[in-house]
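Every number here is computed from the coordinates shown, using simple stated rules; none is lab data. Since the structure is predicted, the reported quantities are computational estimates derived from the model, not experimental observations. Please note: Cβ atoms are built from the backbone with ideal geometry, for glycine as well, and neighbour counts cover all protein chains shown.
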Amino acid sequence: MKVAYNEKELLKGLAQNDKTAIETIYKQNYNMVQALIINNNGLADDAKDIFQEALIVLYEKVTTGNFELNCQIKTYLYSVSRRLWLKRLQQTNRYSSDLVNTDQIVAVEEDMEEHQKKDEEFEVMHQALATLGEPCKSLLEAFYLQKRNMQDIAADFGYTNADNAKTQKYKCLMRLKKTFFAKYHKGDV
Amino acid sequence: MQDNKDLMMLDSVERYIKGEMNPDERLFFENLRKTNSEIDQMVVEHTLFLRQVNRYAVRKDFAANLNDIHHKLENAGTITTAANQHTGKLVFLWKKYKRVAGIAASIAGITAVGLSLLFNSVAPHPKDPQVKELVSKIEVLDQKTKNLDQKIDHVDNKATAAANSNASGIDINARYNGTGFLIDGKGLMITNAHVVKRSVNIYVENNKGEKFKAIVLKQDPARDVAIIKIVDDRFKPVASLPYGIRKTASDIAEPIFTLAFPSDKMVYGEGYLSAKTGFNGDTLSFQISVPANPGNSGGPVFNRNGEVIGILSAKEVGAEGAVFAVQSKYIFQALDSLRKNQLYEKVKVSQKSTLNGLDQTVQVKKIEDYIFMVKGD
């Protein structure tokens, strides 16, 4: 079946961060999710948020090595977006009854739980980095996120040599780990 | 000393986890790990930490990627941002009861008209005091505008004094300078009207020192907004701009930043929105608290999402830190009047910023290529 093959290719592309694959998925599904949100008390900006979060859920799923989706990408994204939007409505007290749209949906509870956990972890790291202050934040981001080498970083941040930068990085890292683990263990994630 | 030892230990742990050790080193470290539980614990903990950092990095990248794609598709018209529709239910109700509502409305209308007719014929006619009040209000406004103009002139004069930089490459002896920023990929730019009003020839210069000829398309001296256009073959159009222009007003205390050319170098300024109105309560502009110098005029004022919320325009003499900016909605008004010209009927300006959530350094890096020095003779 050609369709199924294409879908699998797309998911593989997504897992490998292939820009054309992501763009294709985006193109094929955005308007559908936007219609869902707009028809249910949402704004265009909400639609963008929800759709992108749904894509992150799918991305997390396929990057953990599981390309096997037991439904079409479309159905999956729709179901996840729907759940996310219901949750958002509940949080903002805008929830009235069930969503107006009743297209085909699949069960995504497990994936949602997994996503929520990862989302919390992401938030913990984000907060820990944010409270770190400069230059620590930029220094650690340069090393761990942008994966640049120490010589480069030393030159950029105005340290006289890589060893000095390393010492500074170490101090920053210890602070980050402390705040991170304090929240990480407390949140029991 | 202890610090140094810890540093080396953690460094080794990290290299071990990342697989950067050579086989001998690795063997030695593994033995150490087996015999020393403290080191083993360190490896376990750091592995977990690095995994979290990695996940964080991957997700952040992916989210940024998605934003880029969204912006690109939106610009290409592949996905269309729908107009907001509030509730499906409401629309349904409206359709259902449209006729009833219509009848009710017309009854109400007829009653109202009848009542007011009755009222008018009975009540005495006062001698238009309200009109007079309006006239005096207009006079006050006039005075205010004049005051503002004086301030602007003052900034102008200062700018003239500062602007004696040479204009090699393009044959203009620049006497006025300010800042301007692109609002579309094809070379349309916004600056202050007072920056260009006395000049016959103008050119713009970017951060890299490249100069381009430009012309003034539209000037609105009352609002101090001017639209200029780069008309130079060497200027390469860009597909889309990273920032958008905000149509609605911003709130007090919102953090803002500015990029402008008070000298030959681009200067970054940081502050906050301090009042929703400008000099003497002028409602066209707002007040910000940010360091500004002559030459900053015409520069964009960004909020933290990377949206342009205003155009830096004037500084109050004698009051430190009181700087005024024209509200960005007047950019749209100026554009509306520009669209009356057939050549520019289809000019489009994005309200969407792709810089949301990025670090300030990254935001500035993405923006800086689109901010120009504006010079005129």
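Obtain the nm distance between the two label points defined at B:M21 and A:Q146 by a simple spin-label model: each point lies 7 Å from its Cα along the Cα-to-C-beta direction.
3.0
Any chance you could list P(r) for chain A, counting all Cα-Cα pairs in 10 angstrom bins from zero, rounded to whole %?
8, 27, 26, 23, 12, 3, 0
Which ³J(HN,Hα) values, rounded to whole Hz and listed in residue order, are derived for region A:140-153 from phi using the Karplus coefficients 6.51, -1.76 and 1.60 in 6.51 cos²θ - 1.76 cosθ + 1.60 with θ = phi - 60°, glycine and proline given as x?
5, 5, 4, 7, 8, 8, 7, 6, 8, 7, 5, 4, 4, 5
Return the subset of A:K8/B:K366; B:K151/B:K375; A:K48/B:K276 for which the Cα-Cα distance in this structure is over 27 Å, preserving the input order.
Over 27 Å apart, Cα to Cα: A:K8/B:K366; A:K48/B:K276.
In whole Å, what is the distance between the alpha-carbon centres of region B:181-208 and region B:249-288?
That distance is 19 Å.
Just counting partner chain Cβ atoms within 10 Å, what average do the residues of peptide A:143-151 show around their Cβ?
Mean inter-chain Cβ contacts per residue within 10 Å come to 2.
What is the extension gain from B:K247 to B:K365, computed as 0.36 nm multiplied by their sequence separation minus the C-alpha to C-alpha distance, in nm to one decimal?
Result for the pair: 40.1 nm of gain on full extension.
Got a sec? Charge dipole of region B:2-55, +1 on Cβ for Lys and Arg, -1 for Asp and Glu; which of B:L32, B:V53, B:M8 is way out at the positive end?
Farthest towards the positive end: B:V53.
Tabulate in residue order the Karplus-calculated ³J(HN,Hα) for region A:162-167, using 6.51 cos²θ - 1.76 cosθ + 1.60 with θ = phi - 60°, rounded to whole Hz; enter x for Gly and Pro.
Using θ = phi - 60°, the values come out as 5, 5, 4, 4, 5, 4 Hz.
May I have the extent of the alpha carbons of region B:254-377 along their three principal axes, as whole Å values ordered from largest to smallest?
Principal-axis extents of region B:254-377 (Cα, largest first): 45, 35, 34 Å.
Pull up all non-local amide H partners of B:G244: gap of 5 or more, or a different chain, and H-to-H distance under 5 Å with H placed in the peptide plane.
Answer set, sorted by chain and number: B:V308, B:S353, B:T354.
Could you give me the radius of gyration and the Dmax of region A:111-186, taking only the C-alpha atoms into account and expressing both in angstrom?
My reading of the Cα-based Rg and Dmax gives 14.3, 48 Å.
Could you list which residues have their amide H under 5 Å from that of B:I202, counting only those 5 or more apart in sequence or on another chain, with H placed in the peptide plane?
B:A214
Any idea what the relative contact order of chain A is, in percent, if you count C-alpha pairs under 8 Å spaced at least 6 apart?
Relative contact order for chain A comes out at 16 percent.
Please report the equivalent ellipsoid semi-axes of region B:2-55, computed as sqrt(5 x eigenvalue) of the Cα gyration tensor, largest first, in whole Å.
The three semi-axes for region B:2-55 are 17, 14, 12 Å.
For the pair A:R175 and B:N4, what calculated FRET efficiency results from E = 1/(1 + (r/R0)^6), where r is the Cβ-Cβ distance and R0 = 25 Å, to the nearest 0.05?
That pair, B:N4 with A:R175, gives E of 0.90.
Could you give me the ³J(HN,Hα) list for region B:346-359, computed from phi with Karplus coefficients 6.51, -1.76, 1.60 and θ = phi - 60°, whole Hz, x at Gly and Pro?
Result, ordered by residue: 9, 4, 10, 10, 7, 9, 8, 9, 9, 9, 3, x, 7, 5 Hz.
Collect residues whose amide H, placed 1.01 Å from N in the peptide plane, falls under 5 Å from the amide H of B:Y272; neighbours closer than 5 in sequence don't count.
Amide H to amide H, under 5 Å and 5 or more residues apart or across chains, B:Y272 pairs with B:I256, B:S289.
Ignore the peptide's own chain and count Cβ atoms of other chains within 10 Å of each Cβ in B:4-17; give me the average, rounded.
Taking the mean over all residues of the peptide, I get 2.
List the trypsin sites (Lys or Arg not before Pro) within region B:184-254 that fall in a DSSP loop (any state other than H, G, I, E or B) and whose Cβ has at most 14 other Cβ atoms within 10 Å.
B:K186, B:R198, B:K208, B:R234, B:K247
Using just the C-alpha positions of region B:218-319 as equal point scatterers, what log10 of I(q)/I(0) does the Debye formula give at each q in 0.13, 0.20 1/Å?
With no solvent term, the Cα-only Debye profile gives -0.51, -1.18.
Counting each DSSP H run of 4 or more residues in chain A as -39500 (n - 2.57), what helix-only mean residue ellipticity at 222 nm follows after dividing by all residues, to the nearest 500 deg cm²/dmol?
The helix-only estimate for chain A comes to -24000 deg cm²/dmol at 222 nm.
Could you calculate the FRET efficiency of A:A155 with B:N201 from 1/(1 + (r/R0)^6), where r is the beta carbon distance between them and R0 is 45 Å, rounded to 0.05?
0.60
If we sort B:277-283, B:307-313 on the protection proxy, mean other Cβ atoms within 10 Å, highest first, what's the order? Please report the intermediate quantities before stating the final value.
Numbers: B:277-283: 16.3, B:307-313: 27.0.
Listed from highest to lowest mean packing, they are B:307-313, B:277-283.
At R0 = 56 Å, how high is the FRET efficiency between B:L73 and B:T35 if r is their beta carbon distance? Nearest 0.05 is fine. Show your work: numbers first, answer last.
Numbers: r = 57 Å, r/R0 = 1.02.
Taking R0 as 56 Å, the efficiency between B:L73 and B:T35 is 0.45.
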